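The values are calculated or read from the model by the stated rules, or taken from the named source; none is laboratory data. Predicted, not measured: the structure shown is a model, and the values here were computed from it. Neighbour counts are summed over all protein chains in view; Cβ atoms, including those assigned to glycine, are modelled from backbone coordinates with ideal geometry. Please note that ligands, DNA and RNA were not included when accessible areas were found on the heavy atoms of the full protein model with its side chains. Shrake-Rupley method; radii C 1.70, N 1.55, O 1.52, S 1.80 Å.
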Amino acid sequence: MANIHKVLGQINPSANTLTNVYVTGTGTSAIVGTITIRNLTGANASYSLVVRPNNESINAKHYIVRGGILPGNELISITGAVTMNAGVILAANTNSSSVTFNAYGVEIV
């Protein structure tokens, strides 16, 4: 198996739209080491992060963060391994279209 260190995903989603940051493919696993969330405006924003298998509907057990507050013009870094086997989704939501999400880690193929 090859370990590929990479940017797993980068998004700037529309407000109030759950958007996939990264989805592990068939025969692939990943370890997300760092997730950054950046607020590009001066106003506070809320955000949520979800990790769920693609065959499950979202429920409380899937949230890493739900309704977190991101101060204006700030960056939050979440470090620590999030392991994802094949068919798992890392998704994000925010109430502002001025928030970006980035996931960095290792893809195992």
Does Ser48 qualify as being on the phi < 0 side of the Ramachandran plot, surrounded by 13 or more Cβ atoms within 10 Å (Cβ to Cβ), touching an Asp or Glu at 6+ places or on another chain (Cβ under 8 Å) and touching a residue at least 24 places away in the same chain (Cβ under 8 Å)? no
Report yes if some residue within region 20-27 is open to solvent by 40 Å² or more (accessible area, probe 1.4 Å) and in a strand (DSSP E or B); otherwise report no. yes
Only residues in region 87-100 that are more than 10 Å from Asn12 (Cα to Cα) count as the first member; pair them with residues that are of a type in the set (Gly, Ala, Ser) and not in a strand (DSSP E or B), Cβ under 6 angstrom, at least 6 apart or cross-chain, and list the lot. Asn95/Ala15
Of the residues in region 74-85 that are surrounded by 15 or more Cβ atoms within 10 Å (Cβ to Cβ) and under 20 Å from Thr26 (Cα atoms), the one that is farthest from the chain's Cα centre (by Cα) is Met84
Residues located in region 1-17, provided they are among the aliphatic types (A, V, I, L, M), touching a strand residue (DSSP E or B) at 6+ places or on another chain (Cβ under 7 Å) and either exposed (fewer than 14 other Cβ atoms within 10 Å of the Cβ) or over 15 Å from Val88 (Cβ atoms) (or both): Met1, Ile4, Val7, Ile11, Ala15
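Here's the yes/no breakdown for (1) in contact with a helix residue (DSSP H, G or I) (Cβ under 9 Å, 6 or more places away or on another chain); (2) among the aliphatic types (A, V, I, L, M); (3) under 26 Å from Ala2 (Cβ atoms):
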| position | (1), (2), (3) |
| --- | --- |
| Val50 | yes, yes, no |
| His62 | no, no, no |
| Gly80 | no, no, yes |
| Asn85 | no, no, yes |
| Leu90 | no, yes, yes |
| Thr94 | no, no, no |
| Ser97 | no, no, no |
| Tyr104 | no, no, yes |
